[in-house]
Amino acid sequence: MSRHIYKSTKSGWFFQILTLILALAIWLILAFRYGNWLIRLETKSLFLYTTEFLTNNISTAGGMLTYISAFLTQFLHLPALGAALWVSGALFLSYLTFKTFRLTSNRQIFAVIPSALALAAVTGLGYQIFLIDCSGWFFEPLVGSIAAISGINIFQRLSSLKFRLAAIIIWTLAGFPLFGLYALTATMAMILLTAKHTPTPFKRILSAVLSCATVAITPFLWYNIFTTETITGAYTAGLPYLANLPRATLCRLPYFLIPLYIMVLALLPLQKNNNNDGSSSHQSIVIPGIITVITVAFNYICWFNDPLYRTECKMATAVDNLDWQGVLDAENDFETHNPDRTAEPSRPMVLYRNLALAKAGSEGKMAYRFRDGQGEQKCARKLPLIHQCGKELYYHYGLSNYSFRWSMEEVARQGQSNGTLKYQVMSSIVSGDSKRAATYIKQLKHTLFYRKWAKRQELLAKDIKKMQNAGEYASVLPLMCIGNELAMDHKIIEVFLANHFTTRLQERTTPEFDRIALQFALSHKQPALFWNHLVKYLHSNNVSEIPVAYQEAALLYGALTDIPSNQLQYSNEVLRRWNEFQDFAENHPNNNGEDLDEYYRCYNDTYWYFHYFVSGITTY
Amino acid sequence: MRKAALLISLVLVVCCGRIPQNATFSDALPDMAPDYSETVIPANIAPLCFNITGADKYVTIFSNGTYQYIAKGSCVNIPMRKWRKLLEGASVSVCVFTENGGKWTRHKEFKMTVSDQIDRYVSYRLIPPSYQYFGQMSLRQRDLSSFNERLIYSNAMGQDKDKEQCINCHHFRNYKTDNMQFHVRIFNGGTILVRDGEPQKINLKTDSTLSAGVYPAWHPTHNLIAYSVNNTTQRFHTADRDRVEVLDIESDLILYDIDNNEVSIIENDSDQFECFPAWAPDGRTLYYVSTGLAVPDSVDRAEYLYANYDRFHYNLYSKSFDPDTKKWGEPQMVLDAYSINRSITLPRVSPDGRYLVFTMARHGVFHIWHTDADLYMIDLRAGTVRPLREINSNEVESYHSWSSNGKWMVFSSRRGDSNHTRLYLTHLDDDGHFSKPFPIPQEDPEREAEMMMSYNIPEFTVEPVSIPAHKFGRLIRKSHARGVTFRPKSKD
């Protein structure tokens, strides 16, 4: 006997250490590898320290779950702290599961599974965050599971059948409005535990029928009394409504497995039982070991691991922080890790990078040093770019009305968030509507991490001079130099921006506007458009040396059209490479196979390569 | 005797230290929101709660001459029973004391004149002010004599979260709710028509009409509803303060005969854009707005119209109607807005038939998004028109409705934060002048001010909607909507 206890204790220590190592690993991965993703999640969620926010939340089934989760989600603003909170919660859930279901130490791996499923439920999100209400989503499976298992824990302490039945009914009626489906999950587990421990078959059946009826009726009652959702919505309260993106089934799977697993725990004989604790040392290590491997593998499969997505998140965070160099660094990182020509940047990356180049004033020097492309996002292009980066790009390109519009659309689709509030404030202030801005500033003042930012905006809204010099406005105002146009973007932001900037030749514009217009004109690959915009650019921008990309374009379009380009000043290096390129083209007449590889190797950083070989890119 | 009693109570109160003594007088009103000073208020309105700011302590004294109530604190919330007692007087005077740094100030006293009763219920749509996506929107009904708000229907009840559903244009017949309607668009669309208390879903679109019914006007005496049918689109301004332009590419007027389940044409001139029907109270005249813009055959209709969006100037027309024979007269222009480069929408005739209030802005048909939109009124008896300066603001004023006794009007305005519409009440006196408007009372005005939703289409009713929201939900979830037949114009 003592030998067995020793063995199980030894394996128990092994799994405790393993759990801690896994927890540490998850914290490191979340906080550092996926830190920008956590920040993105936080900008798409909201927690306000107001009674209205509380009452709005708790007026829906499972509202307390959302409220608590949204409270915790705000700490993702500091990814290391947010991730630590999540991991601590996961460890607590494991401990609670272990205690509640009285697992033996060599079966404690079973206690880790709810946390692992909660992790799989949130790390599989991917592009879903642009489609669903994110307030609290990251913590919901964890908080919901903790609530459910806490309920079961208290229930386990009751011995009388009468008390148990009363507890089931009270828990369900009170728990469902607070924790939604997770409360019902606990109820089901309570029913199973009661049935398991009830001696007579009649009482067993009676208690099961009563309890099941409570579970079935409670959402129905809620639905009929509070009348705010569909009946399906009432029965799935507390679960996110996932869009039908690729992998949606995999994303949904953990949400189904969590309640199922809790019920299995209640049903299976995993509890402390001295007679059953005589498993061999072989069993005490091997079976939990296999389960550990399966759990880790399941989480690995569920985790949305896409370098493009991670880079997009990093760039988006940098854009929000006006850290243009950060955007370019993210692109550089991607290029470094994906030197292969086939691993292309995604369209959001290209758009963010072009914006950053324009804001940093280096679009003419560096635009073609980065690759263009249409790297496949793992959402099968069901997500228009406008939903991913519409409000941000429109704002920074000086289209404040459109930024405000898409912020409002995002609010209608996904609910109010820190991110939408920020862009609503900025687009209102830059448009001169301080009254409108005040509404959103007031909201942000109720947050923890944006309070200071909101107070600053309040001052800027009152002081136009200060506003004009502030970083978030100084680079936007010069782009708002042109007259009004009544237009429609049809959700295709890239085309709309290109047209917006390249169809204003006759208007009085600023040097900043002309720089960006020329950048967009180059992307059209139309010589006439290029020449017109180059002339305007040279006229308004006092450049001592024409940037490399424009020299390259001028040489190319000078050769392709009858427009003499020899009045422009070219650097010796550009001229040398141009001559080389012409010779190279004569010797490599094919635009495929090895020739293409050679072109890429030698000229992928030039406008000539972009003109001839980057084609067929579609935007969405 | 009464005065003596009041004096004694006042002396007692002062002696007990509830009213600050040695206060200095100030000619300024306190810094309060909402501002209810010098308003005319209904005799059955809910307590007019407000917040005062700018001081450390506050005491507010309400008095109607015979009864007094004293409130302390910045959030002035009067208990219902005490408020009812105050409303028994001809007016309620309000005196606010504020304390700053230990010194009390007595602010200029203001008065709220108690006047006619108002219809007890106002229905509206509550929506996030978006353009293309709908989010959670709901039709709600507020009891103006209390703070109770009841859900009529929410679009979250008839759809899953990934499906879009718009609900709009709720409308009641003669201020009663047993005959009412609203539309559901896109997912499981149709018109929900409640007839004698029984809801049904109908599809008003026929092959011979542009669309299903849009803006409704229920005939006051017969089972007929006039609708506009519209092909509506929108585009967005890149730099204008008005962010969006909503235009009808085509629009006509139709008449739905409920008893015969038939739709017929009222007006469908292809060069005219008719919209916003409104019956005169006798049901023998239909008012509507229309503009003419001939589109050359060679051009894209939508492109052409948007290129000329600022040339859309809707005039006000009327058309006589015999409800028994269903015969229409010829259109008569009532007001030429085109000639003054203005555009009229939303004509609404007062229940006594004397006044017609409409919304007017520089151009266009969707004035809720036009900052310069203001309310105007025609005295149909005197034949005069005037802007309602006493109730207009620098922001949008748009949808408006008369109460059943014609003494009150509710209208929507963006004057609060320039983005979210709120509802305001105003009283019409015997000389045809409106009183200073005030927002519909809220138990927590600050919370209301921070709410990120817009109120749309306020409509008075004298009774609550009795149909449970779920009954509408079940009906809407069914994809089937009963079709209607089209009755062509008779040749005579």
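Largest accessible area first, the residues A:TRP13, A:TRP578, B:TRP328 order themselves as A:TRP13, B:TRP328, A:TRP578 under a 1.4 Å probe with ligands, DNA and RNA left out.
Put simply, when A:521-527, B:226-232, A:57-63, A:464-470 are sorted by average Cβ atoms within 10 angstrom per residue, most first, you get B:226-232, A:57-63, A:521-527, A:464-470. The accessible-area ordering, largest first, of the residues B:ASP430, B:ASP35 stands as B:ASP430, B:ASP35, per a 1.4 angstrom probe.
Cα centroid distance between the stretch A:63-88 and the stretch A:504-561, in Å? Result: 48 Å between the Cα centres. Across chain B, the mean sequence separation of Cα contacts (distance under 8 Å, 6 or more residues apart), normalised by length, yields a relative contact order of 15 percent. Contact order normalised by length for the stretch A:55-201, with contacts defined as Cα pairs under 8 Å and 6 or more residues apart; what percent is it? The normalised contact order for the stretch A:55-201 reaches 33 percent. In this structure, the pairs whose alpha-carbon distance is over 23 Å, taken from A:LYS44/B:LYS478; A:LYS452/A:LYS491; A:LYS99/A:LYS196; B:LYS163/B:LYS201, are A:LYS44/B:LYS478; A:LYS452/A:LYS491. Other protein chain C-beta atoms within 10 Å of residue C-beta, averaged over A:480-491: 4.
Across peptide A:233-246, the mean count of Cβ atoms from other chains lying within 10 Å of each residue's own Cβ comes to 1. Cα extents for the stretch A:278-373 along the principal axes, largest to smallest and rounded to whole angstrom: 74, 30, 17.
If you take the alpha carbon radius of gyration of the protein assembly as shown and divide it by 2.2 N^0.38 Å, what ratio comes out, to two decimals? That works out to 1.08 for the protein assembly as shown. Peptide A:405-418 has a mean shielding of 5, counted as Cβ atoms of other protein chains within 10 Å of each residue's Cβ.
Within the set A:LYS442/B:LYS108; A:LYS466/B:LYS103; A:LYS391/A:LYS536; A:LYS382/A:LYS422; B:LYS176/B:LYS326; A:LYS382/A:LYS435, which residue pairs have Cα atoms separated by over 32 Å? As for pairs spanning more than 32 Å Cα to Cα, those are A:LYS466/B:LYS103; A:LYS382/A:LYS435. Cα centroid separation, the stretch A:176-215 to the stretch B:40-108: 54 Å. By accessible area, using a 1.4 Å probe on protein heavy atoms only, chain A has 62% of its surface on carbon and sulfur.
Short-range pairs are left out: with C-alpha atoms under 8 Å and at least six residues apart, the relative contact order of the stretch B:245-353 is 25 percent. Summed over qualifying helices (DSSP H, 4 residues or more, each -39500 (n - 2.57)) and divided by its residue number, the protein assembly as shown shows a 222 nm mean residue ellipticity of -13500 deg cm²/dmol.
In whole angstrom, chain B maps to an equivalent ellipsoid with semi-axes of 45, 24, 22, each derived as √(5λ) from the alpha carbon gyration tensor and ordered largest first.
The values are calculated or read from the model by the stated rules, or taken from the named source; none is laboratory data. If you're wondering where the values come from, they're calculated on a predicted model, not measured in any experiment. Neighbour counts run over all protein chains shown; Cβ positions are idealised from the backbone, glycine included. Just the protein is used for accessible areas: all its heavy atoms, side chains included, with ligands, DNA and RNA removed. Shrake-Rupley method; radii C 1.70, N 1.55, O 1.52, S 1.80 Å.
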